[in-house]
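These notes are about the structure you will find just below.
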């Protein structure tokens, strides 16, 4: 295990990133100008989700719930990206855009 991998395993931030990211390097999304800021903040843990903000306010993790919906669940990267109903239309738009870009990038 590399030093970087070891540090990631010990870190209690960026749970989704650690779980699914296996190859580290330049990301293609940085070449495009759509939502780069949001994606970069999401991946770096600086998007100001309640899971992160609560760390600095000493809020118990289970109380860092999403205030954008009524699901009463932890507002973390998973909830923001995949399940919060408030962001459903944004997810659909981003999925369509990224699918088109992916097709352009592989042509």
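The values are calculated or read from the model by the stated rules, or taken from the named source; none is laboratory data. What you see is a predicted model; the values in this text were computed from it and never measured. In this analysis, Cβ positions are derived from the backbone assuming ideal geometry, glycine residues included, and neighbour counts consider all displayed protein chains.
For a quick check of your reading of the model, give me the residue pairs whose first member lies in the stretch 75-102 and is under 25 Å from residue 53 (Cβ atoms), whose second is at pLDDT below 80 and in a helix (DSSP H, G or I), with beta-carbon atoms closer than 6 Å and at least 6 apart or on different chains.
77/16; 78/16
Go through the stretch 44-59 and report how many residues are under 11 Å from the mean Cα position of the chain (by Cα) and over 23 Å from residue 21 (Cβ atoms).
The number of residues fulfilling the criteria is 0.
Of everything in the stretch 43-72, what is in a loop (DSSP other than H, G, I, E, B), surrounded by 14 or more Cβ atoms within 10 Å (Cβ to Cβ) and either touching a strand residue (DSSP E or B) at 6+ places or on another chain (Cβ under 7 Å) or modelled with pLDDT under 90 (or both)? Give them in sequence order.
Selection gives 45, 47, 64.
Counting just the residues of the stretch 73-100 that are in contact with a helix residue (DSSP H, G or I) (Cβ under 8 Å, 6 or more places away or on another chain) and in a helix (DSSP H, G or I), which one comes out modelled with the lowest pLDDT? Give the steps one after another, and end with the answer.
Of the residues in the stretch 73-100, the ones in contact with a helix residue (DSSP H, G or I) (Cβ under 8 Å, 6 or more places away or on another chain) are 73-78, 80-82, 87, 91, 98.
Cutting the leftovers down to in a helix (DSSP H, G or I) gives us 77-78, 80-82, 87, 91, 98.
Working: 77: 87, 78: 88, 80: 90, 81: 86, 82: 89, 87: 87, 91: 81, 98: 72.
The selected residue is 98.
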